[in-house]
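The values are calculated or read from the model by the stated rules, or taken from the named source; none is laboratory data. None of these values were measured; they are calculated from a predicted model. Reconstructed Cβ throughout: ideal geometry from the backbone, glycine too, with neighbour counts over all protein chains shown. Remember, those area values only see protein heavy atoms, side chains included, never the ligands or the DNA or RNA. Shrake-Rupley method; radii C 1.70, N 1.55, O 1.52, S 1.80 Å.
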Amino acid sequence: MSNDIFVVVEQLKGKISDITFEMLGKGREMADALGGKLYAVLIGSQCAGLADELGKADGVLCVADVRLANFNPTAYKHALGELVRERAPRLLMIGNTSMGMDLAAGVSALLNIPLIAYCNNLRVEEGKIVATAQIYGGKLFADAEATGDQLVVSILAGSFSADAGKATGGAPVEEIKAPLSINGGAGVRFKQLIEPEAADVDITKQDILVSVGRGIQSADNLELVEELANALGGVLSSSRPIVDNGWLPKARQVGKSGATVKPKLYFAVGISGAPEHLEGMRDAGLIIAINSDPKAPIFDVAHYGIAADLFDVVPALTEKIKEAK
Amino acid sequence: MDIVVCMKQVPDLVEELELNDEGTGLNRDYLKLVVNEFDDWALEQALLLKEQNGGTVTCLALDTPEVDTTLFTCLAKGADKAIKIEGDFVGGATSHQAAKLFAETIKTMPHDLILTGVQSVEDLDGQNAVLLATYLGIPHVSVVTGVAVNGKVATVRKEYAGGMLAEFEVDLPAVLGIQAAPQAPRYAPISKVRAMMKEKKINQVTPTDGQVDAGVRIRRLFKPESGRHAEMIEGDANAVAERVVGILKEKALVK
């Protein structure tokens, strides 16, 4: 085993995702602390082009094969697993994203390497890698380590600076042949990408968003929050459960699998603040949160918090705002 | 088609989470457990597929406290069978342990499609679906929001960031990590759950080969010390509303 660090490059439609640069920036720091090299692992149909953006790494390990042109959970897992088995890096960093979820747990179970998921920080302490993971919906953090030497971590998007992982110029590329285990897509075949449906309103372009979460309890109560949004001249958005229940269209969803928003004002109404939601709104200019649980994680990112029953506060607030106009 | 749904009990986040004396885990003495909400969505997806294509649905869970209620609820919603895996899970189980036990149990029963929640609030060492599929050596797709089955192939939709979806064809048997189903999990009235407790029984299994060490040691579990905590606005609804309007006016957000 080496002290090398592998960062798995995530890309969609030929564009490298920010999570990759976040991991390269942090990975650089970790590689320097461990005295190892930092490698970017690129899996896809070709190495040219994308590798030019990966200069923060000491090298790019590229598994290129026409059968890997699009992300494929099982085929990518085998391609990555084979490389990790051969090169035995100390640390494998993967995004805790939709694609990364299939890879991190997959490689961990395939090669029997411990996995710490939901990481938002990493450090080296007396030669040991210590990962901080965000669990229980963000209510608790865990400082954890592997009992052995090797470790896989999946990193929450937004944990590190993406700029710190960008560099001018590329890194030397080593091309690696795809293993036989990817044959037939290992039982999974990519068919197509489906773009999100055109929305009636683009929540990423609003100055004021009033976002509603599970605390609203039923679709009938949405009206209450919409009135607040109207009074403020803003738009109604939501956290994931509201969309899953079919109460608002997908285009209104803020968070990991929805939109990332940066309005001037973000009102979080009845939203507890799961990490997946915070990922999409933490950079809003002013965040005001109303939640009945005073310990809800939303209050850790909000500027102002109101620990009260939304059914009392929201109507009163709507009234006062109308009066103030 | 035989569908297996793997379900987990997880701490109810509505309750205060207490740490153990060592500060390395939860104090589980009075811990309230609830079914992992994503597993409930997986069950809903399974029941919808059964309604469309026929077949059976079997719910599978570790023998954690209060799991009987979860499994009888499963039956009340329309599952055909419920199985619990015996063992000592008083201190909880790691994702790797649970996945290995699910895998060993599933190997002994008919399975065309295995559905489970995309994640849970407690899976520090990774998400069940992919661990399980890898232990079984079968295909997997996680973060799935749509499933259709045609013979021995499933067509699934996986969610990417920004509302983008990727469509895959998956050879069965396979494991899918379900994010959401086309409709919200159905409700089982308590009277029906009680009737199931009288009419049906939960099968018990004890896998002989299910040992695995996740290899993760928690040094310390702690409440996040956020660099930024909201300034809390106190008072009755009117007082709070006035203060908020004051803040918005100051920042010229109310015109």
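So for the stretch A:300-313 (the condition being over 22 Å from A:Gly137 (Cα atoms), open to solvent by less than 10 Å² (accessible area, probe 1.4 Å) and without any contact (Cβ under 8 Å) to a residue 24 or more places away in the chain), does at least one residue qualify? Looking for residues that are over 22 Å from A:Gly137 (Cα atoms), open to solvent by less than 10 Å² (accessible area, probe 1.4 Å) and without any contact (Cβ under 8 Å) to a residue 24 or more places away in the chain, one finds at least one in the stretch A:300-313, hence yes.
Table: residues versus (1) closer than 23 Å to B:Ala237 by Cβ; (2) β-branched (Val, Ile, Thr); (3) more than 12 Å from chain B (Cβ to nearest Cβ); (4) within 20 Å of the chain's Cα centre (by Cα).
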position: A:Pro249; (1), (2), (3), (4): no, no, no, no
position: A:Phe267; (1), (2), (3), (4): yes, no, no, no
position: A:Pro275; (1), (2), (3), (4): no, no, no, yes
position: A:Leu286; (1), (2), (3), (4): yes, no, no, no
position: A:Ala302; (1), (2), (3), (4): yes, no, no, yes
position: A:Ala324; (1), (2), (3), (4): yes, no, no, no
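Residues in the stretch A:266-303 that are small (Gly, Ala, Ser), part of a strand (DSSP E or B) and touching a Phe, Trp or Tyr at 6+ places or on another chain (Cβ under 7 Å): A:Ala289 only. Quick check on the stretch B:157-172. Is at least one of its residues β-branched (Val, Ile, Thr), outside any helix (DSSP H, G or I) and open to solvent by 10 Å² or more (accessible area, probe 1.4 Å)? Checking the stretch B:157-172: not a single residue is β-branched (Val, Ile, Thr), outside any helix (DSSP H, G or I) and open to solvent by 10 Å² or more (accessible area, probe 1.4 Å). Comparison of B:Ala237, B:Ala188 shows that the only residue that is open to solvent by less than 60 Å² (accessible area, probe 1.4 Å), under 21 Å from A:Ile298 (Cα atoms) and in contact with a helix residue (DSSP H, G or I) (Cβ under 8 Å, 6 or more places away or on another chain) is B:Ala237.
Listed here are the residues, each with its yes/no results for (1) of a type in the set (A, V, I, L, M); (2) more than 13 Å from chain B (Cβ to nearest Cβ).
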position	(1), (2)
A:Leu180	yes, yes
A:Gly187	no, no
A:Ile194	yes, no
A:Ala198	yes, no
A:Leu209	yes, no
A:Gly215	no, no
A:Asp220	no, yes
A:Glu223	no, yes
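Exactly one residue out of A:Asp4, A:Asp18 is buried (at least 19 other Cβ atoms within 10 Å of the Cβ), within 23 Å of A:Ala131 (Cα to Cα), out of contact with any Cys (no Cβ under 6 Å at 6 or more places or on another chain) and modelled with pLDDT under 95: that is A:Asp18. Scanning the stretch B:184-211 for residues that are over 23 Å from B:Thr58 (Cβ atoms) and assigned to a loop (DSSP other than H, G, I, E, B) yields one hit, B:Gln211. For the stretch B:1-42, a residue qualifies if it is more than 24 Å from A:Ala142 (Cβ to Cβ), open to solvent by less than 10 Å² (accessible area, probe 1.4 Å) and more than 14 Å from chain A (Cβ to nearest Cβ), and the qualifying residues are B:Ile3, B:Val4, B:Val5.
Scanning the stretch A:65-90 for residues that are open to solvent by less than 10 Å² (accessible area, probe 1.4 Å), more than 27 Å from B:Gly162 (Cα to Cα) and within 14 Å of chain B (Cβ to nearest Cβ) yields a count of 2.
Within the stretch B:232-246, the set of residues being over 14 Å from A:Lys322 (Cα atoms) and at the interface with another protein chain (Cβ under 7 Å from one of its Cβ atoms) comprises B:Met232, B:Ile233, B:Ala237, B:Val240. Filtering the stretch A:191-227 to residues that are more than 21 Å from A:Pro263 (Cβ to Cβ), over 22 Å from the mean Cα position of the chain (by Cα) and among the hydrophobic types (A, V, I, L, M, F, W, C) leaves only A:Ala219.
Of all positions in the stretch A:33-45, at least one carries a residue that is more than 14 Å from chain B (Cβ to nearest Cβ), open to solvent by 20 Å² or more (accessible area, probe 1.4 Å), touching a Pro at 6+ places or on another chain (Cβ under 8 Å) and not polar (S, T, N, Q).
Anything in the stretch A:201-245 that is open to solvent by less than 50 Å² (accessible area, probe 1.4 Å), closer than 20 Å to B:Phe38 by Cβ and outside any helix (DSSP H, G or I)? List them, or say none. Hits for the stretch A:201-245 are A:Gly213, A:Ser238, A:Ser239.
Looking for something over 29 Å from A:Pro73 (Cα atoms), more than 9 Å from chain A (Cβ to nearest Cβ) and of a type outside the set (Asp, Glu) - is there at least one such residue anywhere in the stretch B:133-156?
There is no residue in the stretch B:133-156 that is over 29 Å from A:Pro73 (Cα atoms), more than 9 Å from chain A (Cβ to nearest Cβ) and of a type outside the set (Asp, Glu).
Within the stretch B:65-123, the set of residues being surrounded by fewer than 18 Cβ atoms within 10 Å (Cβ to Cβ), assigned to a loop (DSSP other than H, G, I, E, B) and under 16 Å from the mean Cα position of the chain (by Cα) comprises B:Pro65, B:Glu66. Tallying residues that are at the interface with another protein chain (Cβ under 9 Å from one of its Cβ atoms) and in a loop (DSSP other than H, G, I, E, B) within the stretch A:121-149 yields 3.
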